[in-house]
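Comments concern the structure below.
The values are calculated or read from the model by the stated rules, or taken from the named source; none is laboratory data. Since this is a predicted model, take the numbers as computed values, not measurements. Quick reminder, even Gly has a Cβ in these numbers, built from the backbone with ideal geometry, and neighbours come from all protein chains shown.
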Amino acid sequence: MDIYMDNNSVMVSICCLTYNHAPYVRECLDGFLMQQVNFPIEIIVHDDASTDGTQDVLREYKEKYPDLFHLILQTENQYSKGKHVTTEFLFPKARGKYIAFCEGDDYWTDSHKLQKQVDFLESHPDHSLCCHRTDRYIQDEKKFWPRMPPVQIKGEGISFKLQDWIRWGYVFQTSSVIIRRHSLDIAFLQSFKNNLDIHLFYSSLENGMGYFMKDLMSIYRIHHQGIWSGLCIENQKMNSFFDAYEIYQRRKNKYTREWIIRILGELVLFYIRKKHSFSQAVKIIPIAIRYCGWSSILEINKYIMKKIVDRYFK
């Protein structure tokens, strides 16, 4: 099956971000190359000035597959300069009808992943995003964590709307996602300080439904060098709040409001349950008031009480 680009007939642009991923990037790239598809693809890799030999590996693959790989090799780190790497460097190069994502330290495990997802989206024009289950691998401990999502998906998969995704929380991983390119609002994405996965998913789901396949087809690698996985849980939750708050500022509705209230409520519960620190939990109050107003205190309290009732009395 011909996976090589044929002029402008690219069906899928695989967009990959790398930064000091030398120990892992071969596994990632091989996951792209093993795809069995009946349409042309292209692989676009942006490396943000790695210093560990990642770029040497990328050049090796480019030399072997010159028509398939398109490399953007930076000599200075663009992320640290505040550049919107995805929208400024990757998307302008992407020519596919669909865009698939995978960072250089993650990898795909199913050779039919792209074919399955494209087949679904081609037959469901009202859907703009397709994702699937992912295993999480802790690199240092050489073991797997519970997969994403941690619950069973009934049947072959489930369709969902933007408000469902907001209500569920971050239930799918970037390496599982393929997006219909025209569903993305580039101006909306570039309005954020940083381009994050959460913004991409929100933008796409504003313009169509999502579909969650039951298939397990990728691995999310957790290691101390990862930008997100290297953060402590507390910082992850706080970053999630500010990311969601940025969207709330631009899209004020009941769903985005519930979103930021839920994150703050979960942060309070985290301090109480995991840290056993009421004093730290109380520190969330001024943050809530500053960003969400006085009424947020009652909303957070209502959320916490519901969680307690659901956990202990149902």
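Scan the stretch 106-129 for residues that are under 21 Å from Ser203 (Cβ atoms) and in contact with a Gly (Cβ under 7 Å, 6 or more places away or on another chain) and jot them down.
Hits for the stretch 106-129 are Asp126, His127, Ser128, Leu129.
Take Asp135 and tell me if it is within 19 Å of the chain's Cα centre (by Cα), charged (D, E, K, R) and either surrounded by fewer than 24 Cβ atoms within 10 Å (Cβ to Cβ) or outside any loop (DSSP other than H, G, I, E, B) (or both).
Here the answer is yes, as Asp135 does meet what is asked.
Check Ile285, Ile300, Ile247, Ile261 and return the single one that is surrounded by fewer than 19 Cβ atoms within 10 Å (Cβ to Cβ), assigned to a helix (DSSP H, G or I) and not assigned by TED's automatic domain parsing to the domain that holds Asp126.
Just one listed residue meets the conditions, Ile285.
Collect the residues in the stretch 1-21 that are at pLDDT 95 or above, among the aliphatic types (A, V, I, L, M) and within 17 Å of Lys62 (Cα to Cα), keeping them in residue-number order.
Listed by number, the residues that qualify are Ile14, Leu17.
Please work out which residue is nearest to Phe120 (Cα to Cα), limiting yourself to the stretch 48-69 and to residues that are touching a residue at least 40 places away in the same chain (Cβ under 8 Å) and either of a type in the set (Val, Ile, Thr) or touching a strand residue (DSSP E or B) at 6+ places or on another chain (Cβ under 7 Å) (or both).
Among them, the one singled out is Leu68.
For the stretch 121-132, enumerate the residues that are farther than 17 Å from Trp108 by Cα and either at pLDDT below 90 or crowded, with 17+ Cβ neighbours inside 10 Å (or both).
Selection gives Leu121, His127, Ser128, Leu129.
Take the residues of the stretch 81-120 that are within 22 Å of Ala187 (Cα to Cα) and among the hydroxyl-bearing types (Ser, Thr, Tyr): which is modelled with the highest pLDDT?
Tyr98
Can you tell me which residue among Glu76, Glu88, Glu103 is under 19 Å from Leu200 (Cβ atoms) and in a loop (DSSP other than H, G, I, E, B)?
On inspection, the qualifying residue turns out to be Glu103.
Considering only residues that are charged (D, E, K, R) and part of a loop (DSSP other than H, G, I, E, B), which ones fall in the stretch 189-205?
Of everything in the stretch 189-205, just one residue is charged (D, E, K, R) and part of a loop (DSSP other than H, G, I, E, B), namely Lys193.
With the structure loaded, tell me whether Tyr98 is over 15 Å from Phe201 (Cβ atoms), of a type in the set (Phe, Trp, Tyr), in the same structural domain as Gln35 (by TED's automatic domain parsing) and buried (at least 17 other Cβ atoms within 10 Å of the Cβ) or whether it fails that test.
Criteria not met by Tyr98.
If you go through the stretch 151-182, how many residues are over 21 Å from Lys97 (Cα atoms) and of a type in the set (Gly, Ala, Ser)?
3
Filter the stretch 161-188 down to the residues that are in a helix (DSSP H, G or I), surrounded by 15 or more Cβ atoms within 10 Å (Cβ to Cβ) and of a type in the set (D, E, K, R) and list them by number.
If the condition is that a residue be in a helix (DSSP H, G or I), surrounded by 15 or more Cβ atoms within 10 Å (Cβ to Cβ) and of a type in the set (D, E, K, R), then Asp164, Arg181 are the ones that fit.
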